[in-house]
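Trainee: Can you read through this structure? Questions will come right after.
Each reported figure results from applying straightforward, stated rules to the coordinates on display, with no laboratory input. Bear in mind the structure is a predicted one, so any value in this text is a computation, not a measurement. Glycine gets a Cβ as well: all are built from the backbone with ideal geometry, and neighbour counts include every protein chain shown.
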Amino acid sequence: MSRKKLIKQLKGKNPKLTQSEIVTVIDIFFNFIAESIKKGETVEIRELGRWHLKKLKENYNARNPATNELIYVPERVKVKFKASKKLNKIINK
């Protein structure tokens, strides 16, 4: 779902809110998740899922597939999302 579709759906379900108010709410929601993850915190929303960080190890033996040259890949952090049981049931119906 795109951002525009999300705004249209929320506007359809909440006709009293203006589009700019809906955009503000969406921005605050996603900025909160981003800032919390940036601090290293886990964000959990019941019945939706949780976002958490996973550290990926550095790799000295990675290869560039085009040139077959050895390259160094530094340690990095990846954001992971784990869906809740309820969301998994809804998806797998």
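Trainee: Given the rule -39500 (n - 2.57) for each run of at least 4 DSSP H residues, summed and divided by the residues of the chain, what is its mean residue ellipticity at 222 nm, to the nearest 500 deg cm²/dmol?
Mentor: Taken over the chain, the calculation gives -13000 deg cm²/dmol.
Trainee: Using a Förster distance of 30 angstrom, determine the FRET efficiency expected from the C-beta separation of N92 and K16, and round it to 0.05. List each step's numbers first, then the result.
Mentor: Details: r = 35 Å, r/R0 = 1.16.
According to the calculation, E is roughly 0.30.
Trainee: Given that just one value was derived from the coordinates, which of (1) 15.2; (2) 16.7; (3) 13.2 is Kirkwood radius over Cα pairs in Å?
Mentor: (2)
Trainee: To continue, here is another question. For Y60 paired with A83, estimate the spin-label separation in nm (one decimal), with each label point 7 Å from Cα along the Cα-to-Cβ line.
Mentor: Here the answer is 4.0 nm between the modelled labels.
Trainee: Taking every Cα atom in the stretch 1-41, find the radius of gyration and the maximum pairwise distance Dmax, and write them in Å.
Mentor: 12.2, 37
Trainee: Relative contact order for the stretch 43-93: what percent, with Cα pairs under 8 Å and sequence separation of 6 or more? It would help to have the intermediate numbers written out before the result.
Mentor: On the way: 74 pairs, mean separation 21.5, N = 51.
Value for the stretch 43-93: 42 percent.
Trainee: Could you give the length gained on full extension between N68 and Q9, defined as 0.36 nm per residue of separation minus the Cα-Cα distance, in nm?
Mentor: The span from N68 to Q9 would gain 16.4 nm if fully extended.
Trainee: Based on the Cβ-Cβ distance from R76 to S2, what FRET efficiency comes out when R0 is 25 Å, to the nearest 0.05? Present the calculation step by step, with values, prior to reporting the outcome.
Mentor: Numbers: r = 28 Å, r/R0 = 1.11.
The computed FRET efficiency comes out at 0.35.
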